Structure formats: structure tokens, C-alpha cells
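The values are calculated or read from the model by the stated rules, or taken from the named source; none is laboratory data. All values derive from a computational prediction rather than experimental measurement. Neighbour counts are summed over all protein chains in view; Cβ atoms, including those assigned to glycine, are modelled from backbone coordinates with ideal geometry.
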Amino acid sequence: MLSLLSAAPAFTAPLSALAPQRAVSVRMGVESMEGLGPETLGKVFDPLNLSTMASDKTLAWYRHAELKHGRVAMAAFVGWLWVNGGAPLFGGAYSFSGATFESLGHDSFAAWDALPTLAKAQIFLTIGGLEFCSELAKPHYMAGGTPGKVTILGNTLAPSTNLLPSDASAVASKRVSELKNGRLAMIGIMGVIAAHYVPGSVPAL
């Protein structure tokens with residue numbers, strides 16, 4: 001019995017030794033991710049140390065969410081500029097009453113408030129449906145897929161390959177540009193929202 005007990009540790013994984021190795025592996029994965037640049041002094045901007053608590057799958061989820069939210073923020077900021085700049089809106093009706101988007105005016109927040117509850121529900125249901133379908137794509141971005149690649153019902157939402165440069169380094173540069181522009185757009189659209197709800201909070205708006 002004593003010989004069996006003494007031999008048992010030989011078949012037990014050294015958990016205390018594996019933990020630091022895993023942390024180093026995750027840190028190396030973070031350091032190799034795209035997006036580092038002079039604005040962060042070539043280092044990972046992670047003031048909350050979220051990466052130290054993340055597995056490789058979680059890091060993939062972080063990057064996918066960052067890219068997707070950055071794209072939404074870029075669209076939102078351009079949309080805000082378009083509407084508030086007085087550019088023409090979609091001329092069709094958004095309800096059976098015949099009310100048009102143009103009739104909502106050119107104040108983005110007032111236009112949203114003026115939309116009927118049913119219209120807002122349709123927008124959120126459409127977004128939720130697209131999100132649900134994109135999560136069903138295989139391979140999933142947390143299981144060997146590509147973070148940022150959005151596929152819905154077999155169709156990948158991406159620009160035509162004819163619009164992308166043929167050089168691999170140029171494509172990589174475009175990816176970094178998208179990532180950084182998305183980060184800036186997230187800050188920008190949050191600034192717009194802050195300026196609306198807290199007047200004077202953003203000096204330039």
C-alpha cells in the first residue's frame with residue numbers, strides 16, 4: 001500500500017508548473033497579435049490585464065469582438081456624420097402609414113426617438129438574427145476559425161478580393177488599418193453619445 005501511495009505522485013500532472021507555462025504561452029500569443037504600434041509604444045495596451053486571465057480561445061473571442069464592434073462603430077460614426085450633415089436619407093416609407101425616414105429629420109438622436117417601438121424592435125431582431133447565424137458558422141473563430149471573419153448562411157461578409165492588394169504584406173497592413181480605425185471609431189462614437197447626453201463633456205462636439 002505504501003509503495004502504491006509513493007508512486008502515485010509520478011502519475012500526477014505538476015499543476016503548479018503548468019500554470020506559469022500557460023501564462024507565458026498566452027502572453028506570447030498576445031504579443032504576436034496584430035495591432036501593436038507607436039501609439040502604444042509597441043506594447044500591448046492592456047491596463048486591466050485581461051490577457052493574463054485569457055486562454056487562446058478567449059483571446060480569439062476578444063479579437064473577434066474588437067473587430068466586429070470596430071466595424072459597427074465606423075458605420076455608426078459615418079452614419080451620424082451623414083444624417084447630421086443634412087445628406088439625403090432613404091426616401092422610402094418605414095411604416096404602413098407612409099412615414100418616411102426623411103420626415104424624421106437630421107438629428108440622429110431625435111430621429112431614433114421618433115421611430116415607433118415596432119420599428120426599433122424590427123431593427124434589433126434583424127441584428128440578433130444575423131448575429132445568431134454568424135455564430136453558427138464553421139469553423140468557429142474560437143475553434144480554429146478566423147477572428148473577424150463573419151459568415152452568414154454560407155456567405156462571407158467581406159469586400160471583393162479584387163479590392164484587396166495582391167501582396168501579403170499589403171493585406172496585413174490593411175488588416176491593421178481596419179483594426180486601428182475601428183478602435184478610433186469606437187472612441188469617436190462614444191464621444192458623440194457622451195456629448196449628446198452630457199452637454200459640454202466633449203469640448204469639440
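When you go through ALA168, ALA195 one by one, which is the residue that is closer than 23 Å to ALA76 by Cα and free of Cβ contacts under 8 Å to residues at least 40 places away in the same chain? Can you show your working first?
Details: ALA168 fails: closer than 23 Å to ALA76 by Cα.
Exactly one of ALA168, ALA195 is closer than 23 Å to ALA76 by Cα and free of Cβ contacts under 8 Å to residues at least 40 places away in the same chain, namely ALA195.
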* Structure fact -> With criteria (1) assigned to a loop (DSSP other than H, G, I, E, B); (2) exposed (fewer than 15 other Cβ atoms within 10 Å of the Cβ); (3) modelled with pLDDT under 90, LEU89 comes up short on (2)
* To do: May I ask you to list pairs of residues, at least six apart or on different chains, whose Cβ atoms are under 8 Å apart, with the first in the range 121-143 being closer than 18 Å to ARG71 by Cα and among the charged types (D, E, K, R) and the second being surrounded by 11 or more Cβ atoms within 10 Å (Cβ to Cβ) and at pLDDT 95 or above?
  => none
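With the structure loaded, tell me whether SER134 is among the hydroxyl-bearing types (Ser, Thr, Tyr) and either in contact with a Cys (Cβ under 7 Å, 6 or more places away or on another chain) or exposed (fewer than 14 other Cβ atoms within 10 Å of the Cβ) (or both) or whether it fails that test. Explain how you work it out, then say what you get.
Values: among the hydroxyl-bearing types (Ser, Thr, Tyr): yes; either in contact with a Cys (Cβ under 7 Å, 6 or more places away or on another chain) or exposed (fewer than 14 other Cβ atoms within 10 Å of the Cβ) (or both): no.
No.
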* Asked: Restricting attention to the range 150-172, and to residues there that are of a type in the set (Ser, Thr, Tyr) and modelled with pLDDT under 85, which single residue is surrounded by the fewest Cβ atoms within 10 Å (Cβ to Cβ)?
  -> SER160
* Criterion violated by TRP112 - all others in (1) of a type in the set (Phe, Trp, Tyr); (2) surrounded by fewer than 12 Cβ atoms within 10 Å (Cβ to Cβ); (3) closer than 23 Å to GLY85 by Cβ satisfied -> (2)
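Within the range 92-101, is even one residue of a type in the set (Ser, Thr, Tyr), surrounded by 13 or more Cβ atoms within 10 Å (Cβ to Cβ) and more than 19 Å from the chain's Cα centre (by Cα)? Working first, answer last.
Residues of the range 92-101 that are of a type in the set (Ser, Thr, Tyr), as a first pass: 94-95, 97, 100.
The next check asks that each one be surrounded by 13 or more Cβ atoms within 10 Å (Cβ to Cβ); those that pass are 94, 100.
Checking the rest, the ones that are also more than 19 Å from the chain's Cα centre (by Cα) come to 94, 100.
Within the range 92-101 (the criterion being of a type in the set (Ser, Thr, Tyr), surrounded by 13 or more Cβ atoms within 10 Å (Cβ to Cβ) and more than 19 Å from the chain's Cα centre (by Cα)), the answer is yes, since at least one residue qualifies.
Can you give me the number of residues within the range 69-86 that are surrounded by 14 or more Cβ atoms within 10 Å (Cβ to Cβ), in contact with a helix residue (DSSP H, G or I) (Cβ under 8 Å, 6 or more places away or on another chain) and not basic (Lys, Arg)?
Kept after step one, since they are surrounded by 14 or more Cβ atoms within 10 Å (Cβ to Cβ), are these residues of the range 69-86: 69-74, 76-77, 80, 82-84.
After this cut, where a residue has to be in contact with a helix residue (DSSP H, G or I) (Cβ under 8 Å, 6 or more places away or on another chain) as well, the list is 69-71, 73-74, 76-77, 80, 83-84.
Add one more test, that the residue is not basic (Lys, Arg), and what stays is 69-70, 73-74, 76-77, 80, 83-84.
Qualifying residue count, the range 69-86: 9.
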* Asked: Checking SER95 against (1) at pLDDT 90 or above; (2) in contact with a helix residue (DSSP H, G or I) (Cβ under 8 Å, 6 or more places away or on another chain), which test does it fail?
  -> (1)
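Would you confirm, using the coordinates I've provided, whether GLU66 is acidic (Asp, Glu), within 19 Å of GLY182 (Cα to Cα) and either in contact with a Leu (Cβ under 7 Å, 6 or more places away or on another chain) or surrounded by 14 or more Cβ atoms within 10 Å (Cβ to Cβ) (or both)?
Details: acidic (Asp, Glu): yes; within 19 Å of GLY182 (Cα to Cα): yes; either in contact with a Leu (Cβ under 7 Å, 6 or more places away or on another chain) or surrounded by 14 or more Cβ atoms within 10 Å (Cβ to Cβ) (or both): yes.
Spelling it out, GLU66 is indeed acidic (Asp, Glu), within 19 Å of GLY182 (Cα to Cα) and either in contact with a Leu (Cβ under 7 Å, 6 or more places away or on another chain) or surrounded by 14 or more Cβ atoms within 10 Å (Cβ to Cβ) (or both).
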